[in-house]
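In what follows, a structure is listed as structure tokens, so that the remarks can point back to it.
The values are calculated or read from the model by the stated rules, or taken from the named source; none is laboratory data. Source: prediction; values computed, not measured. With ideal geometry, Cβ positions are generated from the backbone for all residues, glycine too; neighbour counts draw on all protein chains shown.
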Amino acid sequence: MNPLAITGLGAACSLGVGSHAFVFDRLRHVAEQGLERATASTTRATGDHTAPRTSFDASRYPGARIREVPEFDPAQTLGDKGLRTLDRLTKLLLVAARNCLHDANIKSPEGWQSFGPDDVGVVCSNAYGSLEAITELDRVAQLEDARYINPAKFPNTVSNSASGYVSIWEDLRALNMSVSDGTCGSLDAVSCADIALATDRASAVLCGGGEAMSEALFIAFEKLGVFRAFDAVAPLGEGAAFMALEDAASAKARGATMLGHIVGYGTAFASEDANHMFFGSERALERAITLALTDANMHAAEIDLVVSSLSGMPTFDDRELAAVERVQGLRAPIVAPKRIFGETLGAGGALAMAATLAWLNGVPVAADLVARASSGAPENGGSIARGSIRRVLVTTLGFYGNASALVVAAPDLAR
Amino acid sequence: MRVLITGIGVVSSVGLGKDAFFAALTEGKSGISPVESFDTEKLGRQYAGEAKGFRPLDHLSVSETRRMGRCSQMALAAARMAMADAKLGPAHYRGPRTSVVLGTTMGEADVLEVLDHQWIHRGTSGVRRALIPKYGATLLPIHIARAIGSEGAVLTLPAACAAGNYAISVASDLIRAGKADVVITGAAEILQELQYCGFVRLAAMATERCQPFDLNRQGLILGEGAGIMIVESEAHAVRRGAPPPLAEVRGYGMTCDAYHITRPHPDAAGSIRAMRQAIDRSLIGPDDIHFVNAHGTGTRHNDAAEAKVMKEVFGDRRVPISSMKSMLGHCMGAASALEAIGCVMTLQTGVYPPTIGYETPDPECDVDVVANHARSGPHDVVLNNSLAFGGYNSVTCLAKPFLFEPIDPAAWRNCRGATPNAATASQSKATTESGAS
């Protein structure tokens, strides 16, 4: 792929809501204070079932832990008009998009600063759609009468609705593409954005993903039993993040701030487990990594950090670590950003990218995010020298045999 | 680089398989009938285009059927038909050079419905754990990839009513970008109660008939089905000795209205831009287009907007236009995939499927509707138009194979202009036929 410049970032996540400066600052705080202390101050619900939650009433689930966007108030970013019928997923994405557009100086509160409506597109990952909207309307239909479901909320049940609202709210008229590949979706969205930019369908693309916490999502993972496993490492989470992607040369020409460059992508699938749908494929991830490195024209030994999708599910984590191990020459430390953000599914890759950009820009990596210090070293074994991260491999192991990877370079490195 | 369609598979309310499907469309046979899969008594609407002839076990094993919801079942069944049609053997689809890219609106909505009803009526403890992993739009391509052993990208594009066109477009890009040799693509959707109720509540649903472009049109009728295509590079088709290709995917247009979540922009600016993109990126001109398959939902806003698009793009030239939704119903995510297959069959046969139920012309829709009876005509190039919730506009351009010069990588990458260029079209005509046989 041609290097894609990342010129802006907007996020709504367990750390709060903001642009790249906010995310970088919060991650620096995590590194300085330690994960437990830093996240306790930002995620009030964590570890305390009596604490108020903004996503759903968790009082029926004592001991439940989630990572939600703390005290999420979209009106602070978007104003208080037009929000009444929107679901949480849409609001998360809208807040991330607004922050990203301003961060990239594509728009400001005064209006367009670079490009115009026809030039900017959206590629957005989401894994499970708006369970909140679907279950709410279904409950009305089942317990009252289908004739009473709110037609203004019905569009929220359609999977691409939230992504579509981003274009509507921000007047982005180039393509809008909604992507679903489970936890790999945010990385695959980059591949779709890459083609859109390379074929001149847009001059800039807001690329990322979102997943909203809801009672239905919580129950599903609780029933699957993976939630308890998350307890130790990464609880179920929610969030949204967008990056502004542009052709590197044109981003430079307009004087955009460079946060990093995406230089390689790979994806793969393998159906090696004939008996189970729900499994992680070591082989698929190894191939995705190899494809991404080849795409970036880079050797594994050049990678300084692996930003993984490790989430605390032993069977998946073991396979992800084994896949990285199998890539010859890949000896970089492995970190687990889901310890901060939680398992945010369709938003996972986008939030991993947000953390990646911080670490590529000199923000220290919190020691308690390190799952493997370097090849062969024990878990949580050590710190990573500040400023030493120049090239990052971002990996995602999907739940169904799918896997994707990206190679991201520091702002001053295109290759 | 040419991107060829070498096989197609269909599950629809008017028949299974491409021949039954297109024979029914040509006869103007409607698949719209009273809903059987759920109770519509209180809803004030009773009709839909259900694929009543689809029996999963005719196409899938017992274990496959158990593992997936009805949407994936339809998709896999149609994929198997398409692979047989393309004579695509295991050596040609196993491994990393084959990808699966599918569109849908709601994916496995029936699975979620069951889970949700268990939760509503029996509480959390009543939710069946084993059902949970069967839910998710992500699963559609995964099930196909698992079944056939493909190891390339698996991607779902939930682009609502334009999802089929989105999938075909992304599939063609994967091939042009050199990331895949074969892509199994298309879309699937099932009729589902909540969705049906939602459209009733939006006051978008007609009573018994869908009458696109008619003055007295009342709205849409929902449908279901799956349309799957085998899309492959010319080089791969030649290498494996594929049967003669059915069609060539030329360019596509993709824009967003950024206007309203359910309604098209009244000026249709985004839709016009998408259609012009599709023509320009195909390196042809508007005069090369012989037939347009309309999105044609039968709603007042949609059909009027589409008529504007036709006027803007083609001027005074009245290009025949028709809506298969008058017979299939609106199959949501699967709509533009099934209709793309209808377009492929038009390229093969020269027959334009009719818009049935067309009785009274609407001055606001002053277009050349293929009214009530199929029509024969020139059939070199067709456009498949689709619009969707979220302001999505997507148009694919399909042509007879090898009629025009291949689209070289430079033209594919750098072709943003939206001004029709007839000179380009004439220059683009291939002087000799070549390629797969």
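From the list B:Gly152, B:Gly178, B:Gly164, which one is in the same structural domain as B:Cys71 (by TED's automatic domain parsing) and at positive phi?
Details: B:Gly152 fails: at positive phi; B:Gly164 fails: at positive phi.
It is B:Gly178.
Quick one: A:Ile334 ticks every box in (1) in contact with a strand residue (DSSP E or B) (Cβ under 7 Å, 6 or more places away or on another chain); (2) in contact (Cβ under 8 Å) with a residue 60 or more places away in the chain except a single one, so which number is it?
Going through (1) in contact with a strand residue (DSSP E or B) (Cβ under 7 Å, 6 or more places away or on another chain); (2) in contact (Cβ under 8 Å) with a residue 60 or more places away in the chain one by one, A:Ile334 breaks only (2).
The conditions are (1) closer than 30 Å to B:Glu113 by Cα; (2) in the same structural domain as B:Gln348 (by TED's automatic domain parsing), and B:His265 fails exactly one of them. Which is it?
Unmet for B:His265, out of (1) closer than 30 Å to B:Glu113 by Cα; (2) in the same structural domain as B:Gln348 (by TED's automatic domain parsing): (1).
Given the conditions (1) at pLDDT below 95; (2) under 19 Å from the mean Cα position of the chain (by Cα); (3) not small (Gly, Ala, Ser), and given that A:Leu259 satisfies all but one, which numbered condition is not satisfied?
(1)
This table checks each residue for (1) more than 27 Å from B:Arg80 (Cβ to Cβ); (2) at pLDDT 95 or above; (3) within 7 Å of chain A (Cβ to nearest Cβ); (4) crowded, with 17+ Cβ neighbours inside 10 Å.
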site	(1), (2), (3), (4)
B:Val101	no, yes, no, yes
B:Thr104	no, yes, no, yes
B:Thr124	yes, no, yes, no
B:Gly136	no, no, yes, yes
B:Leu140	no, yes, no, yes
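Can you tell me which residues in region B:176-207 are crowded, with 24+ Cβ neighbours inside 10 Å, of a type in the set (Val, Ile, Thr) and within 11 Å of chain A (Cβ to nearest Cβ)?
Those that are crowded, with 24+ Cβ neighbours inside 10 Å, of a type in the set (Val, Ile, Thr) and within 11 Å of chain A (Cβ to nearest Cβ): none in region B:176-207.
With the checklist (1) among the hydrophobic types (A, V, I, L, M, F, W, C); (2) under 24 Å from B:Val111 (Cα atoms); (3) touching a strand residue (DSSP E or B) at 6+ places or on another chain (Cβ under 7 Å); (4) within 12 Å of chain B (Cβ to nearest Cβ) in hand, flag the one item A:Leu224 doesn't pass.
For A:Leu224, the exception is condition (3).
Search region B:232-251 for residues being of a type in the set (Lys, Arg) and in contact (Cβ under 8 Å) with a residue 60 or more places away in the chain, and hand back the single one that is nearest to the other protein chains (Cβ to nearest Cβ).
Residue satisfying both the conditions and the ranking: B:Arg250.
Quick check on region A:322-374: of everything there that is within 16 Å of A:Leu310 (Cα to Cα) and among the polar types (S, T, N, Q), which residue is surrounded by the most Cβ atoms within 10 Å (Cβ to Cβ)?
Among them, the one singled out is A:Thr344.
Within region A:6-22, how many residues turn out to be closer than 15 Å to A:Val205 by Cα and either touching a Gly at 6+ places or on another chain (Cβ under 8 Å) or of a type in the set (Lys, Arg) (or both)?
Final tally of qualifying residues: 2.
Being closer than 20 Å to B:Ser282 by Cα and not in a helix (DSSP H, G or I) is the filter here, so list the residues in region B:169-180 that pass it. Full working, then the answer.
So in region B:169-180, the residues closer than 20 Å to B:Ser282 by Cα come out as B:169-178.
Within region B:169-180, B:Ala177, B:Gly178 qualify.
Considering only region B:352-385, how many residues are farther than 11 Å from B:Val292 by Cα and under 18 Å from the mean Cα position of the chain (by Cα)?
Residues in region B:352-385 being farther than 11 Å from B:Val292 by Cα and under 18 Å from the mean Cα position of the chain (by Cα): 2 in total.
I'm checking my understanding of the structure. Among residues of region B:262-283 that are within 11 Å of chain A (Cβ to nearest Cβ) and in a loop (DSSP other than H, G, I, E, B), which one is farthest from the chain's Cα centre (by Cα)?
Here the residue is B:His265.
So which of A:Ala284, A:Ala300, A:Ala288, A:Ala292 is farther than 30 Å from B:Ile132 by Cβ, assigned by TED's automatic domain parsing to the domain that holds A:Val394, surrounded by 21 or more Cβ atoms within 10 Å (Cβ to Cβ) and among the small types (Gly, Ala, Ser)?
Exactly one of A:Ala284, A:Ala300, A:Ala288, A:Ala292 is farther than 30 Å from B:Ile132 by Cβ, assigned by TED's automatic domain parsing to the domain that holds A:Val394, surrounded by 21 or more Cβ atoms within 10 Å (Cβ to Cβ) and among the small types (Gly, Ala, Ser), namely A:Ala292.
Which of the helices (runs of 4 or more DSSP H) contained wholly in region A:80-198 include at least 3 residues that are crowded, with 24+ Cβ neighbours inside 10 Å and facing chain B (nearest Cβ under 9 Å)?
A:131-143, A:161-170, A:185-198
List the helices (runs of 4 or more DSSP H) that sit entirely inside region A:271-379 and contain at least 3 residues that are of a type in the set (Val, Ile, Thr) and at pLDDT 95 or above. Steps first, please.
On the way: elements: A:282-295, A:314-326, A:338-341, A:348-360.
In region A:271-379, the matching helices (runs of 4 or more DSSP H) lie at A:282-295.
Between B:Lys87, B:Lys29, which is surrounded by fewer than 19 Cβ atoms within 10 Å (Cβ to Cβ) and in contact with a Pro (Cβ under 7 Å, 6 or more places away or on another chain)?
After ruling out the rest, the residue left standing is B:Lys87.
Pick from region B:112-168 the residues that are part of a helix (DSSP H, G or I), among the β-branched types (Val, Ile, Thr) and within 24 Å of the chain's Cα centre (by Cα): which of them is farthest from A:Arg60 (Cα to Cα)?
It comes out as B:Ile168.
Has region A:222-232 got at least one residue that is at pLDDT 95 or above, in the same structural domain as A:Leu131 (by TED's automatic domain parsing) and within 18 Å of the chain's Cα centre (by Cα)?
no
Can you tell me which residue among B:Met254, B:Met229 is touching a residue at least 40 places away in the same chain (Cβ under 8 Å), at the interface with another protein chain (Cβ under 10 Å from one of its Cβ atoms) and closer than 30 Å to B:Leu403 by Cβ? Please lay out each step first, then the result.
Details: B:Met229 fails: at the interface with another protein chain (Cβ under 10 Å from one of its Cβ atoms).
Answer to the check: B:Met254.
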